[in-house]
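Okay, structure first, notes after.
Any read-out appearing in this document is the output of simple, stated calculations on the displayed coordinates, not a laboratory observation. For clarity, every value in this text was computed on a predicted model and none was experimentally measured. Please note: Cβ atoms are built from the backbone with ideal geometry, for glycine as well, and neighbour counts cover all protein chains shown.
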Amino acid sequence: MALAAKLAKLAAGAALGAMLALPAAARDIKIGHFGTPGTPFDQGVEYFISQVDELSGGRMTVKNFPSGQLGNEAQQIGALQGGLQEMLITSSTNLIKYNELFQVIDLPFAFADDAATDKVLLGDLGKEMLAGLEGSGMLGLMYMDNGFRDLSNSKHAVESLADFDGLTFRVIGAPVFIDTFSALGANPVPMPFPEVYTALETGTVDGQDNPLLTVRDMNFYEVQDYLTTSKHAYSTLVMLVSQPWWNSLSDEDKGILQEAAGRTAVENRKVMRAAVAEAKAFLADEAGLTVSEFSPEALEEIRAAVAPVTEELLTDKTRPLYEKIQAVLAE
């Protein structure tokens, strides 16, 4: 018994020594994001955590910090660049200043459907955009799906270009969104997200654009009557790692994180798309919104109206990538 106890103690000590021999950064990993706990997106983050645990045999631990607990976008990006935070998931829109190539994702009607987004973002062109972060203090592991932005309003069904005329929409305060709604004949009103419900309720704005999950989960359907599944803009998020921290990892640990990220990209899309389908059914059947979509003829006219926005926003750096994306999607 004494010998067995001694051997057990020696084994435990050896295991502890092996753990302590690992850099602390490889064992304890903070991942920040802005999703709400328990939502389909947050489920994807938890799935990533489980995959890292499985692939590392429990020696690498990722801790989930949702809802901006580690700070706002700028603060967390700064923490990544300084090596104070290991991982972050944030919108590609927030990264355009570090990598201009991400601008092509936000262009109006850049993608027709989920299959188109996967063809680009999960392929070589998606990798090309991620590679553009090199030198920013951050590296991109993969893209997480956040769904398409759709329209809702309280005035009338929007089924054609003419239906936009005179409507006031809350938009994100970025040129691409302001210019897109202006080109459609609507009145864009940039506004912080927390103010949107009250603005819709009081009639300060007639409508808004967000993924269907947001329309459901933020109860916008209570103060909106019409929904158009317009897919006018796609929303993706990038799973980022701190480059200083990444450089401190072994090749094995880098491989574990990359494999876990790849698995999560697939799982995230399954979960999010099932949730979007459920949200659409809820908004139509239980919330009672009138749901419309653009006919092929209406969509062609709308695309033509916003084409100058795309042309204006393309630069010498982004145009070649945009043209490659169009070629891939046309195949």
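Here are a few things to note about the model shown:
- Computed over the chain: relative contact order in percent, which uses C-alpha pairs under 8 Å that are six or more apart: 25 percent
- Label-point separation in nm, THR202 to THR39, each point 7 Å along Cα→Cβ: 2.4 nm
- Between the beta carbons of GLU134 and ASN219, assuming R0 = 56 Å, the FRET efficiency works out to 0.85 to the nearest 0.05.
- Estimated translational D of the range 208-302 in µm²/s (Stokes, Kirkwood radius over Cα pairs; 37 °C; 0.692 mPa s): 200 µm²/s
- Contour excess over end-to-end distance, with Cα ends at LYS270 and GLU195 and 0.36 nm allotted per residue: 23.9 nm
- Whole-number percent relative contact order across the range 176-331, with pairs defined as alpha carbons under 8 Å at least 6 apart: 35 percent
- Label-point separation, ASP165 to ARG27 (7 Å along Cα→Cβ), nm: 6.8 nm
- 12 Å beta-carbon shell around ASP209, net charge (K/R +1, D/E -1): +1
- Choice from LEU314, LEU107, LEU212 with maximal GNM fluctuation in the chain (Cα, 10 Å cutoff): LEU314
- For the chain, a simple Cβ point-charge model (Lys and Arg +1, Asp and Glu -1, everything else neutral) yields a dipole of about 1580 debye relative to the Cα centre.
- Taking a point 7 Å out from the Cα of ARG59 in the direction of its Cβ, the residues of the range 233-250 whose backbone N falls within less than 15 Å of it are 249-250.
- Checking every one of the GluC sites (Glu not before Pro) in the range 73-163 against DSSP loop status and a limit of 15 other Cβ atoms within 10 Å picks out GLU134, GLU159.
- Highest GNM mean-square fluctuation among ILE302, ILE89, ILE77, for the chain modelled with Cα contacts below 10 Å: ILE302.
- Applying 1/(1 + (r/R0)^6) with R0 = 30 Å to the Cβ-Cβ distance of ASP316 and GLU73 gives a FRET efficiency near 0.65.
- At full extension, GLU301 and ASP113 could sit 65.9 nm farther apart than now, given 0.36 nm per residue minus the alpha carbon distance.
- Among beta bridges identified by DSSP and lying wholly in the chain, the antiparallel ones come to about 55 percent.
- Cα principal axis extents for the chain, largest first, Å: 85, 46, 35
- A simple count of charges around ILE302, restricted to other residues whose Cβ falls under 12 Å of its Cβ and scoring Lys, Arg +1 and Asp, Glu -1, yields -4.
- Total formal charge among the other residues, if their Cβ is under 11 angstrom from that of HIS156, Lys/Arg +1 and Asp/Glu -1: -4
- Derived from the Cα gyration tensor, the three semi-axes of the equivalent ellipsoid of the range 114-268 are 37, 15, 15 Å, largest first.
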